[in-house]
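The values are calculated or read from the model by the stated rules, or taken from the named source; none is laboratory data. Everything numeric here is computed off the predicted structure, so don't read it as measured data. Positions of Cβ are generated from backbone atoms using ideal geometry, with glycine treated the same way; all protein chains shown enter the neighbour counts. Heavy atoms of the whole protein, side chains included, go into the accessibility calculation; ligands, DNA and RNA do not. Shrake-Rupley method; radii C 1.70, N 1.55, O 1.52, S 1.80 Å.
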Amino acid sequence: MTRTPVIEACGLTKQFNSFTAVDGIDFSIFDSECFGFLGPNGAGKTTTMKMIYCLSPRSSGELSIMGMDPERQPVAIKSMIGVVPQDNNLDPELTVAENLVVYSRFFGIPRKVYKERIEELLEFMSLDKKRNARIKELSGGMKRRLALVRALLNKPRILILDEPTTGLDPQVRHLIWEKLRQLKLSGVTMLLTTHYMEEASQICDRLVIMHEGKILLKGNPHQLVQEHTPNYVMEFSFNGCMVRPEKLAEKYACHIEIYGNRCFVYADSEPVLNQIRTDTKIDTRIIRTSNLEDLFLRLTGRGLHE
Amino acid sequence: MKTALPGCAWRIFSVFLRHKKCYTKHLFANGFPPFIEPLLFLAAIGFGLGKYVDTINGVPYSQYIAPGLLASTAMYTSTFELTYAAYIRMEFEKIYDAILSTPIGIKDAFLGEILWAGAKGFFFSSAVLIVITLFGLVKSPFGLLAPFVGFLTGVSFGSMALVVTSYVKDINNFNFYITGCCTPMFFLSGIIIPLDQLPEGLRVLSFFIPLTHCVNLMRELILGSFHMSGIIDLVWLMLFIPVAVSCAIYRIRKRLIV
Ligand SMILES: Nc1ncnc2c1ncn2[C@@H]1O[C@H](COP(=O)(O)OP(=O)(O)O)[C@@H](O)[C@H]1O
Ligand SMILES: [Mg+2]
């Protein structure tokens, strides 16, 4: 079965003067899927999102949203997209409910419809008690939930979530994940950027890993981990450890990565790692299955990207 | 669900409504100053200074300056609205990022801003009109049309302010525009000094100041003394406004869309 993509990008590029923030990326996003964009700060995720929701014109390449060109039909496209931007840009001069009323009007939603929908969504996000609060009285988590409510006012077909959970406590994070799963079931196509690998592997059907404006890998998160990293990792610190890591790699034919004084030994089977631990008397309890974070860090490096 | 796309007029108006909502939330605090300022001005300049000035073109001095106050108040309110306030919305509150993520485009958003600046010009000049009416300084029923000139004043100066805002990188830079441009315009527009008392060079310059034409129109309506030159003032503004509005939209698009 061939599905037509809801969003299709081909050679999508964005330049700021001479700096290339997004460098010729290709991707297709299908109906009702959750598509993740992973990448260190500055990878070009937000810039890509902004091109999709028509805030920033592309420099070159093709981009089609529901068959439309963002340059030519921004009104039609934006009326079907909901955006949770990276930085909350809630209106500080208005209360929670007023924010939502004003925003509904931007979409041309009739009064009768938005009144009901606002109540519904506030309840959905457990914000109904904060209806008349001012924005600055809200906690970080509440602001984020309100941004999500705002993004849902127009019943979007595509929901763009730019780091929806960054900086939130685990409770709020789990609440938001739960809501996103519900939304996904209702058929909304979601684009999600995040720094939380757990979030990406739990919610995303497919994702891309971006770095310096390019896509390094794309696919299903679980398959990617399986295909691109050995199944198991042992972690240990060098302090007081006599082992020369290069020697280990040679002797046991395993993959080794070192960051500072932390060493990661990758192997496809757990017994191999146990063997290494016994043989070398390395003092560690951490032998675990490898995950998306290992893959991410291997691809994008463990150094800072700022 | 497929809903009809919001039309252009509605998109502009919805931005206007956002500003109206913010403003009317604090109606008392926001609505007070436009009534107080002309009172102070009339008391200090009109009745104070008026003691030393005889009449100008046959009208008492307080009567002479009163109409101009409708224009200057419209100039200042629309200027502040689209310099400091717009800059805060743009750079600190990031309101436009939110607005532009909806079906609202740059043109809609900033036509809405300019419309709002015009509306503030209208309301502020209405407030002054009420005050000077109480002082018996309105001589003609055509004075009721003066707030519409206030609207044109607001649109003109709102657009100019937006052009300035599109260049500004630091909010303090607006001081240069206010003291360097608006204040001289105030003095050269014939509000307190009759244009024919100005040196030749300044008189020519005053023709190119939009405020001059707003003041002329205000004075004609409020004093009920119409001249042919009123047509020139109106035509001048009608030519200036589309140019100013287009420049404002062009500049702000350049600033915001990268
Ligand atoms: N308006 C802009 N002007 C110049 N450079 C920009 C602009 N916006 C983003 N960039 C640069 O583009 C790169 C990608 O940014 P961004 O898309 O925000 O990354 P991410 O969201 O992945 O952290 C960064 O290096 C950033 O500094
Ligand atoms: Mg970002």
**Report entry** Set A:Val84, A:Val75: member being closer than 18 Å to B:Asp97 by Cα and either within 15 Å of ligand 1 (Cβ to nearest atom) or of a type in the set (Ser, Thr, Tyr) (or both)
**Finding:** A:Val84
Report task. Quick one: which helices (runs of 4 or more DSSP H) lie wholly within segment B:1-49 and hold at least 1 residues that are away from chain A (no Cβ under 14 Å), of a type in the set (Gly, Ala, Ser) and closer than 21 Å to B:Phe122 by Cβ? Result -> B:27-31
Requested in this report: Considering only residues that are aliphatic (A, V, I, L, M) and either in contact with a His (Cβ under 7 Å, 6 or more places away or on another chain) or open to solvent by 50 Å² or more (accessible area, probe 1.4 Å) (or both), look in segment B:234-256 and name the one that is nearest to the other protein chains (Cβ to nearest Cβ).
Outcome: B:Val243
Query raised in the report: How about segment B:72-89: which of its residues are farther than 14 Å from B:Gly150 by Cα and away from chain A (no Cβ under 11 Å)?
Result: B:Phe80, B:Glu81, B:Leu82, B:Thr83, B:Tyr84, B:Ala86, B:Tyr87
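Each row is one residue, and each column tells you yes or no for (1) open to solvent by 90 Å² or more (accessible area, probe 1.4 Å); (2) in contact with a Gly (Cβ under 8 Å, 6 or more places away or on another chain); (3) under 30 Å from B:Arg89 (Cβ atoms).
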position: B:Gly7; (1), (2), (3): no, yes, yes
position: B:Arg11; (1), (2), (3): no, yes, yes
position: B:Phe16; (1), (2), (3): no, yes, yes
position: B:Pro38; (1), (2), (3): no, no, yes
position: B:Ile45; (1), (2), (3): no, no, no
position: B:Gly48; (1), (2), (3): no, no, no
Query - Among the candidates A:Val83, A:Val96, residue that is in the same structural domain as A:Leu146 (by TED's automatic domain parsing), within 16 Å of ligand 2 (Cβ to nearest atom), in contact (Cβ under 8 Å) with a residue 40 or more places away in the chain and β-branched (Val, Ile, Thr) - result: A:Val83
Requested in this report: Look through A:Pro170, A:Pro221 and report the one residue that is away from ligand 2 (no atom under 16 Å from the Cβ) and open to solvent by 10 Å² or more (accessible area, probe 1.4 Å).
Outcome: A:Pro170
Query raised in the report: With respect to B:Ala66, is the statement that it is more than 14 Å from chain A (Cβ to nearest Cβ), at pLDDT below 95 and open to solvent by less than 50 Å² (accessible area, probe 1.4 Å) true?
Result: yes
Requested in this report: Test A:Ala43 against the stated conditions and say whether it is within 8 Å of ligand 1 (Cβ to nearest atom), surrounded by 22 or more Cβ atoms within 10 Å (Cβ to Cβ) and either of a type in the set (Gly, Ala, Ser) or in a loop (DSSP other than H, G, I, E, B) (or both).
Outcome: yes
Report task. Scan segment A:263-300 for residues that are surrounded by fewer than 13 Cβ atoms within 10 Å (Cβ to Cβ) and outside any helix (DSSP H, G or I) and jot them down. Result -> A:Ser269, A:Lys281, A:Asp283, A:Arg285, A:Ile286, A:Thr289
Query raised in the report: Inside segment A:75-110, can you point out the residues that are at the interface with chain B (Cβ under 7 Å from one of its Cβ atoms) and polar (S, T, N, Q)?
Result: A:Ser79, A:Asn89
Query raised in the report: For segment A:1-19, which residues satisfy the criterion of being modelled with pLDDT of 95 or more and within 14 Å of another protein chain (Cβ to nearest Cβ)?
Result: A:Lys14, A:Gln15, A:Phe16, A:Phe19
Requested in this report: Answer yes or no: is there a residue in segment A:51-60 that is open to solvent by less than 10 Å² (accessible area, probe 1.4 Å), under 15 Å from A:Met210 (Cβ atoms), in contact with an Asp or Glu (Cβ under 9 Å, 6 or more places away or on another chain) and within 16 Å of ligand 1 (Cβ to nearest atom).
Outcome: no
